[in-house]
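Inspection log for the structure reproduced underneath, given as structure tokens.
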Amino acid sequence: MDDLPIGRGVVIPGHELTVRTSRASGPGGQGVNTTDSRVELRWDVAGSTALDDGQRARLRERLGPRLTVDGVLVLHAEEHRSQHRNRDAARARLRELVTEALVPPRPRRPTRRTRASVERRLDAKRRRGARKRERGAGGTED
């Protein structure tokens, strides 16, 4: 299988990708019963030589729920009638997932409250306190 260029300097070697085929459900007419058009694409993220330690950690964090216990990413494609098109769809989905997962998160820049928002909050607290004082002052006598 060919190597899969991801971007950001990452190229998944073709020998790390495992493809299995099986019978798909869905469109295909009579051929759906005889053709192995469903494609299962597996990539061992934990043991990949295409990633450095930082990239591997980021992928484990971002793709965590999609990985098996062994750190293998499994993708299925069965939307096309052709095995070749399903293989291309699975590879494209893998490229998209890994590309999105490798984007480093943007650092959060803490913002300051505006003076007006602080004044609004304090004014609301003063009004709420005054309302409670008014309720308690009168009281009810039985």
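The values are calculated or read from the model by the stated rules, or taken from the named source; none is laboratory data. What you see is a predicted model, and the numbers here were worked out from it, not measured in a lab. For neighbour counting, all protein chains shown are included, and Cβ atoms are generated from backbone atoms with ideal geometry for every residue, glycine included.
Quick grid of which residues meet (1) surrounded by 10 or more Cβ atoms within 10 Å (Cβ to Cβ); (2) assigned to a helix (DSSP H, G or I); (3) free of Cβ contacts under 8 Å to residues at least 24 places away in the same chain:
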position	(1), (2), (3)
ASP70	no, no, no
LEU73	yes, no, no
HIS76	yes, no, no
ASP88	yes, yes, yes
GLU96	yes, yes, yes
THR99	yes, yes, no
ARG112	no, no, yes
GLU119	yes, yes, yes
LYS125	yes, yes, yes
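Taking the condition over 17 Å from VAL10 (Cα atoms), more than 21 Å from the chain's Cα centre (by Cα) and at pLDDT below 90, does SER25 pass? Spelling it out, SER25 is indeed over 17 Å from VAL10 (Cα atoms), more than 21 Å from the chain's Cα centre (by Cα) and at pLDDT below 90. Scanning region 100-142 for residues that are more than 27 Å from the chain's Cα centre (by Cα) and either within 30 Å of GLY9 (Cβ to Cβ) or at pLDDT below 90 (or both) yields GLY136, ALA137, GLY138, GLY139, THR140, GLU141, ASP142. For beta carbons closer than 7 Å, sequence separation of 6+ or different chains, a first residue in region 4-26 that is on the phi < 0 side of the Ramachandran plot and aliphatic (A, V, I, L, M) and a second that is in a loop (DSSP other than H, G, I, E, B) and loosely packed, with under 11 Cβ neighbours inside 10 Å, there are no qualifying pairs. Assessment of region 69-78 against the conditions (among the hydrophobic types (A, V, I, L, M, F, W, C), modelled with pLDDT of 90 or more and within 13 Å of the chain's Cα centre (by Cα)) yields at least one matching residue. Within region 48-68, being surrounded by 15 or more Cβ atoms within 10 Å (Cβ to Cβ) and either in contact (Cβ under 8 Å) with a residue 24 or more places away in the chain or more than 18 Å from the chain's Cα centre (by Cα) (or both) holds for SER48, ALA50, LEU51, GLN55, ARG58, LEU59, ARG62, LEU63. A residue that is among the polar types (S, T, N, Q), touching a Ser or Thr at 6+ places or on another chain (Cβ under 7 Å) and at negative phi cannot be found anywhere in region 112-126.
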